[in-house]
Structures are given as structure tokens and as C-alpha cells.
Amino acid sequence: MANLKKIFITPYFGEFPEWMDKYKAHFEEILRPKGYDWLLDTDFEGFKKRVKDKLGIEYPGLPGTGKVWDYRGALGFLYEKEIEHYGWWGHTDFDCVYGNVNKWVTDEFLSKLDVHSNHISYVNGCWSLYRNKNEINRLFLGTDWRKYMAGSPEPNGWIEGPFSRQLERSGFPYKYTFWQGNPYDNNPILKLENGKLFQDIDHNGQWVEVFMFHFRRSKAWPLK
């Protein structure tokens, strides 16, 4: 039987957002019961050593910056010991809330894929899952990864660009979806009922069930 255990990996170095306690409680309430674990790594010096030992480069980022985003495609390689008992690993963001994700990301859906990302045209940060196997965990090595990961201390978006194009050329089965609701809403109206997430997308009282919501525009906790 396929190993369907899943874990999100989040290296984070800096001050947490003001809604962090709410996010942690939300993850435990919504994602944990649906089979998702979470590895939150806040050890900056330990991460730098991990990068040096595994990749042979110096991590150029500073605490409180987003450089670690450029390492998302390599997290399965960097943390391969910690995730060895999982069938899937992934990454998500703190400025997200989730609904009944298993309604969309079913076991059957994942069984046909090696990578799933919840964006229409690239691997994104707020929800991506990777099958935990050597070829996928090392997919980034097929790109000019050193230029992007060991260069500037500022994030450069290469996961959304060159890494995504490498995935598309690789022949590994992948799927891009867009089940986020309307992430461009600066004043989102959301509600969570019985583990299901709904958004009043047009602010007209017409509620639509959504997979998740990425509140990257408002940066304010959207659930009452």
C-alpha cells in the first residue's frame, strides 16, 4: 500500500506574524486530523549548517528575510532524514487558512502524481506537495540551482520560474490547480463550518466552498 503520510516543512527565521498562535491552532484543528504533520524549523544556525553539509554552499540569507523561499524545492533533500517515514512532503505559508482539503486532494488524486501545486501555472509557496522519492527530492539539481540558492541574500522567485520549468520538462506527473478562492481580495469574507472553508467571493452573500485561502493581500487573520 502506498505511503500517504504527509508533512509540511517550514524553515522560518525571524519574528512570527501576530496571528501565529491562531495559525498553529488552525493547523491542528483542520490539517492534522486530515493526515498532515508539520516540521517547523526555527534553528537558523542549524539550517546554515544543514545547507553547508548537504549542498556544499553557504546559506546567504539573514533572519527575517525571505531567502529561505528559494530553498523550497530542495527541502525534501535537506530534510530527508526527518521525513523518511512520510510518503509526501510539502511547503505552505503562515498567511493561509484551509478547508476540507481531502475533498480535493484525495488519495486517488495523489496516486497519479509526483507533484501537486495549488497555482495555475507554477510551483507556489502556499501549497505544494511532492512525492518523497529520490528523483523528486533531487529534481532541483537539474537546474542552475547554485546561481539562485547561493547568490544574493534576497529571494529571487526561481522556484516559480526555472524550478517549475524543470518540473514541467522532467516527465514526472504533476498537476497545477487553483482552488484558493479569490486571493486578490483585500478584505476577504470567510467562514469555517464543520471543517469546511467558505468565501463570499463577490461580497454578495453567495458563499462558495474553497480548498484554502491565501490572505497575502490583507495580512490580517481572516477567520472570526
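The values are calculated or read from the model by the stated rules, or taken from the named source; none is laboratory data. Everything quoted here is computed from the prediction, not taken from an experiment. Ideal geometry is used to build each Cβ from the backbone, glycine not excepted, and the neighbour counts take in all protein chains shown. Note: accessible area is taken over every heavy atom of the protein model, side chains too, but ligands, DNA and RNA are not part of it. Shrake-Rupley method; radii C 1.70, N 1.55, O 1.52, S 1.80 Å.
Results, tabulated for the structure shown:
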read-out: Phi-based couplings in Hz for segment 134-147 (Karplus 6.51, -1.76, 1.60; Gly and Pro marked x); value: 3, 5, 6, 5, 10, 4, 4, 5, x, 10, 7, 5, 4, 4
read-out: Helix-only [θ]222 nm of the chain, DSSP H runs n ≥ 4, -39500 (n - 2.57) each, per residue, nearest 500; value: -4500 deg cm²/dmol
read-out: Per residue value of the accessible surface for the chain (all protein chains in place, 1.4 Å probe), Å²; value: 47
read-out: Listed residues Tyr174, Tyr148 arranged by accessible area, highest first, probe 1.4 Å; value: Tyr174, Tyr148
read-out: Estimated FRET transfer efficiency when R0 is 30 angstrom, pair Ser170-Glu29 (beta carbons, to 0.05); value: 0.25
read-out: Solvent exposure, largest accessible area first (probe 1.4 Å, DNA, RNA and ligands not counted), of Trp145, Trp89, Trp221; value: Trp221, Trp145, Trp89
read-out: Centre separation in Å (Cα based) which lies between segment 120-158 and segment 28-104; value: 12
read-out: GNM result for the chain, Cα springs below 10 Å: residue of Gly205, Gly73, Gly35 fluctuating most strongly; value: Gly205
read-out: Pair Ser218, Glu45: separation of 7 Å Cα→Cβ label points (nm); value: 4.0
read-out: Solvent accessible area, Å² - Arg138, 1.4 Å probe, full protein context; value: 80
read-out: Ser111 - accessible surface, heavy atoms, 1.4 Å probe, Å² rounded to 10; value: 80
read-out: Most mobile listed residue (Gly46, Gly171, Gly66) in the chain, GNM with C-alpha springs under 10 Å; value: Gly171
read-out: Integer Hz, Karplus 6.51/-1.76/1.60 couplings in order for segment 7-12, x for Gly and Pro; value: 9, 8, 10, 10, x, 8
read-out: Among His203, His214, His91, residue whose mean-square fluctuation peaks in a GNM of the chain (springs only between Cα atoms under 10 Å); value: His203
read-out: Efficiency of FRET from Cβ geometry, Thr65 and Glu18, R₀ 30 Å, rounded to 0.05; value: 0.95
read-out: For Phe211, residues with placed amide H under 5 Å, excluding near neighbours; value: Gly181
read-out: Residue-span extension gain [Leu141 to Lys196] - 0.36 nm each, minus C-alpha spacing; value: 16.0 nm
read-out: Accessible carbon and sulfur surface of segment 182-224 relative to its total accessible area, %, 1.4 Å; value: 42
read-out: Angle between the chain longest axis and helix 44-55 axis [Cα atoms, degrees, rounded to 10]; value: 60
read-out: Segment 40-119 - percent of accessible surface contributed by carbon and sulfur, probe 1.4 Å; value: 51
read-out: Shape call, segment 126-224: gyration tensor on alpha carbons, a/c limit 1.5; value: prolate
read-out: Long-range amide H partners of Val123 with built H, under 5 Å; value: Ser164
read-out: Placed amide H near Asp114: partners under 5 Å, 5+ positions off or other chain; value: Tyr174
